[in-house]
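A quick write-up on the structure given underneath.
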Amino acid sequence: MCDTSSSGHNLKTRLYGKGEGDKKLINGTNSNSSLETVFGGIESWNSSLDCCQWDLVTCNPRSPSRNVVALDLYAFVTSLAPEVVVNSAVLAPLFRITTLTKLDISYNSIQSELPTNGIANFTKLLHLDLRENSFKGSIPTQLFHLQRLQYPNISSNMFNGILSQEVGALRNLRVLNLAENFLYGEIPMEIGNLTQLRQLSLRQNRFSGRLSNSLLHLTELQVLDLRNNSPSMEIPTNTRTLSNISNIAALGVLNLRGNNLTWNNNANVAPKCMLSQLSLRSCRVARPIPKWLSTQKIFDFFDLSENELDGNFPEWLAEQNIGTIILSDNKLTLWQIA
């Protein structure tokens, strides 16, 4: 029987505890519901078998104790019991498995706040997928203390409040996805400490204020998605941040649509990056389409709609093989056909 910690208890014992009380966690009631009801699929977990043979469970084959290192419990509530309302207290038994490097509980519509003390137990966690639930309240600061964390996906929840500056302590992050929540305030400058970050998605929140120059420290960044935040967001008056973001050589996707950004049409931009996707929709880009965009040769998505562009449709853009071009709600002039 595989071990989940230094003790000899098997995984099912560790999940359920010794008594019936640990099973009665849904909605904080004393119903007969249990983790077996909530996460359909673990009803096949037979305690007479090695837990490493159970569905949804991955063990470390290199460890003599064969510790449980991953649980993939995604989309089980919604697929098997969509009418069941699940309170976050149901997660309490999972927090006992301190050897986890991956926990996926996405697409389960779990409600209430994310338990703060429990999340702190996952000191070995690399992957955390909480997307498409209904977690609310602030993102627990304990999450920002998980020093090994690399791939947190907290998108499509109901988290609110200010994003703590402690996010800057997660120095090993490769991806940070906080999209589609209700976070507000300024994007903390400490996010510039995440120098190994490849993808940053803060879309569809309520962030406001100025874009911090600390974004320029993210030299490995490939995707920057800040679309659809607070209309009070603005570019600094000297546009240093936005124009120099294009000097992040790895950057391939830049999406700034749906903010109250104003492009400085006098900015001298000589990008080092090669963008495949760009959206500056509603960014007050005026005059002809900026010439610097002609240096970008691999566009497959290009959106400058709802701006103040005028003049002729540029030949260099017509000559590019771009999958999608959106230029609606401008004042561009098409060529005259003789």
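The values are calculated or read from the model by the stated rules, or taken from the named source; none is laboratory data. As the structure is a computational prediction, the values presented were derived from the model and not from experiment. Cβ placement follows ideal geometry from the backbone for every residue including glycine, while neighbour counts extend to all protein chains displayed.
For Gly168, are the conditions met, namely being surrounded by 18 or more Cβ atoms within 10 Å (Cβ to Cβ) and in a helix (DSSP H, G or I)? Full working, then the answer.
Details: surrounded by 18 or more Cβ atoms within 10 Å (Cβ to Cβ): no; in a helix (DSSP H, G or I): yes.
Here the answer is no, as Gly168 does not meet what is asked.
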ask   = Of these, Leu334, Leu309, which one is of a type in the set (A, V, I, L, M, F, W, C) and touching a Phe, Trp or Tyr at 6+ places or on another chain (Cβ under 9 Å)?
value = Leu334
ask   = Counting just the residues of the range 174-230 that are under 20 Å from Ile154 (Cα atoms) and among the basic types (Lys, Arg), which one comes out surrounded by the most Cβ atoms within 10 Å (Cβ to Cβ)?
value = Arg203
key: Hey, Ser134 touching a residue at least 40 places away in the same chain (Cβ under 8 Å) and either farther than 24 Å from Thr58 by Cα or not polar (S, T, N, Q) (or both) or not   = no
inquiry  = Report every pair of residues separated by at least 6 positions or lying on different chains whose Cβ atoms are under 9 Å apart, first residue within the range 202-215 and touching a residue at least 12 places away in the same chain (Cβ under 8 Å), second in a helix (DSSP H, G or I) and among the small types (Gly, Ala, Ser).
reply    = Ser212/Gly192; Asn213/Gly192; Ser214/Gly168; Ser214/Gly192; Leu215/Gly192
task = Hey, can you tell me all the residues within the range 102-130 that are out of contact with any Ser or Thr (no Cβ under 9 Å at 6 or more places or on another chain) and buried (at least 19 other Cβ atoms within 10 Å of the Cβ)?
result = Leu103, Asp104, Ile105, Ile119, Leu128
remark   = Result of the Cβ filter at 7 Å on the range 52-69, keeping first residues that are on the phi > 0 side of the Ramachandran plot and surrounded by 13 or more Cβ atoms within 10 Å (Cβ to Cβ) and partners that are modelled with pLDDT under 85 and not acidic (Asp, Glu), at least 6 apart or interchain, is Leu56/Gly41; Leu56/Ile42; Arg66/Cys2; Arg66/Cys52
query = Does the range 247-260 contain at least one residue that is modelled with pLDDT under 80, surrounded by 17 or more Cβ atoms within 10 Å (Cβ to Cβ) and within 25 Å of Leu173 (Cβ to Cβ)?
reply = no
inquiry  = Can you pull out every residue in the range 295-324 that is outside any loop (DSSP other than H, G, I, E, B) and surrounded by fewer than 16 Cβ atoms within 10 Å (Cβ to Cβ)?
reply    = Thr295, Glu308, Asp310, Gly311, Asn312, Glu315, Trp316, Ala318, Thr324
inquiry  = Regarding the range 143-162, can at least one residue be identified that is over 23 Å from Leu224 (Cβ atoms), assigned to a helix (DSSP H, G or I) and not assigned by TED's automatic domain parsing to the domain that holds Thr58?
reply    = yes
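Within the range 262-270, does at least one residue satisfy the condition of being touching a residue at least 12 places away in the same chain (Cβ under 8 Å) and assigned to a strand (DSSP E or B)? Lay out the reasoning, then the answer.
Our first condition is that a residue be touching a residue at least 12 places away in the same chain (Cβ under 8 Å); within the range 262-270, this holds for 262-265, 267-270.
Restricting the remaining residues to those that are assigned to a strand (DSSP E or B) gives none.
Among the residues of the range 262-270, not one is touching a residue at least 12 places away in the same chain (Cβ under 8 Å) and assigned to a strand (DSSP E or B), which makes the answer no.
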